[in-house]
Amino acid sequence: MTTDVYAGKDLGTLEVTITDEMVQHYVTGLGEPNAWYSVASPFGGPVAPVIVYQDTDSQFKGWYLDNLFGNLWRRQEWEIFAPTRVGQALSCTARVADRYRRRDRDVVAMEMWVRDAGGQLVAHSVHHQSFLAGQTSGEVALRDPSAKEGARQHAEPAGEPLSLELRKTFTEAMCDDFFFKSRNYHNDKEASKELGFRDTVIGGRMTLSCVTELLTRHFGRGFYEGGRLDAKFTNVLWPNEPFTTRGIITGRRSEGGRTRADVTVFCEKADGTKIIVAEASALEG
């Protein structure tokens, strides 16, 4: 058991600059061009996709466990406070927030704060990465999606469906574009087989970006200035599997003179198998 990964461990600070290359690989990888990213936005000039810097958490050292075989995302929590732009410098600090056991997996929760050059908070996240506790070789046995808590507890809620849905099929070429910085089990079959998967695994960053893109398209400025997201990853997505990202507004409440809309978002395969079940919210008006 790895003992040097513990709750409260300081992971230090990383400096990140938003580049046009990051934005272009996001757009090409997802197949989601958006005029806000290239021409103009309500903030005056183009902005970057809302969490285009999300891969920074994986660049911190000292929070992954030793056994990488079969490791998968479990959950992502985000709070968004402000947009970012190409050329903007960000300072990211992180720590291990928690470490806990979930069935046959050890989970490490890594907390990250993203601040601008003036020290203002741009975003806050908690990334829950799961690691197999015992298995180190062979093939990863994935649980039946219908037996998972996320599938059982998140029946179709009552509410107002978002008018927009994102229908996607991620190809290997799209994965290459999105994960352009490295070869890994999201874009390299051999690397994936070494970790126990029968094929490349569509990265959680890609499916999560479909959730944030849907919310950006619907709420616009209100998601950049006050987006909240708690996404649970309930099944693996493979290349060339069609899936849909959709949302349902389940309620509204007052907040600081504005209205906050609560939304349940699903990413689901054609047969109804859910990849992500997320509770989100954004400001309206």
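A few comments on the model shown:
- HIS127, HIS218, HIS186, ranked by accessible area, largest first (probe 1.4 Å): HIS218, HIS186, HIS127
- Using Cβ point charges alone (K and R +1, D and E -1), the dipole size of the range 1-86 about the Cα centre works out to roughly 120 debye.
- GLU139 accessible area, assembled protein chains, probe 1.4 Å, Å²: 120
- Between GLY196, GLY251, GLY204, the GNM of the chain built on Cα springs shorter than 10 angstrom shows GLY251 fluctuating the most.
- Inter-site label distance for ASP10 and GLN120 at 7 Å from Cα along Cβ, in nm: 2.7
- Taking the helices alone, the chain has a mean residue ellipticity at 222 nm of -5000 deg cm²/dmol, built from -39,500 (n - 2.57) per DSSP H run of at least 4 residues and averaged over all its residues.
- Since only ALA109, SER254, VAL86 are under comparison, the one whose Cα sits farthest along the positive direction of the charge dipole of the chain, derived from C-beta charges on Lys, Arg, Asp and Glu, is SER254.
- Whole-Hz couplings from phi, Karplus 6.51/-1.76/1.60, listed for the range 119-129; x for Gly and Pro: x, 6, 6, 9, 7, 9, 9, 10, 9, 9, 9
- Prolate/oblate/rounded call for the range 152-265, Cα gyration tensor, a/c under 1.5 rounded: prolate
- VAL263 long-range amide H proximity, modeled H, under 5 Å: THR250, ALA280, SER281
- Average Cα contact separation per residue, the range 152-285, under 8 Å, 6 or more apart, as relative contact order %: 28
- Residues in the range 17-32 carry Karplus couplings, in order, of 10, 6, 10, 4, 4, 4, 5, 5, 5, 4, 4, 5, x, 8, x, 10 Hz; the curve used is 6.51 cos²θ - 1.76 cosθ + 1.60 with θ = phi - 60°, and Gly or Pro positions show x.
- Convex hull (Cα only) mean projected area of the range 13-136, reported in nm² to one decimal: 8.5
- Rounded to the nearest 20, the size of the Cβ-charge dipole of the chain about its Cα centre is 520 debye, with Lys and Arg at +1 and Asp and Glu at -1.
- Exceeding the 23 Å Cα-Cα cut-off - candidates LYS61/LYS168; LYS9/LYS274; LYS189/LYS232; LYS9/LYS189; LYS168/LYS232: LYS61/LYS168; LYS9/LYS274; LYS189/LYS232; LYS9/LYS189
- ILE51 - accessible surface, heavy atoms, 1.4 Å probe, Å² rounded to 10: 10
- Among the protein heavy atoms, those of TRP36 account for about 60 Å² of accessible surface (1.4 Å probe, every chain in place).
- Size descriptors for the range 203-269 (Cα atoms only): Rg and Dmax, in that order, 13.3, 44 Å.
- For the chain: rounded, prolate or oblate by the Cα gyration tensor [a/c cutoff 1.5]: rounded
The values are calculated or read from the model by the stated rules, or taken from the named source; none is laboratory data. Everything quoted here is computed from the prediction, not taken from an experiment. Reconstructed Cβ throughout: ideal geometry from the backbone, glycine too, with neighbour counts over all protein chains shown. Protein only, heavy atoms only, side chains kept; ligands, DNA and RNA dropped before computing areas. Shrake-Rupley method; radii C 1.70, N 1.55, O 1.52, S 1.80 Å.
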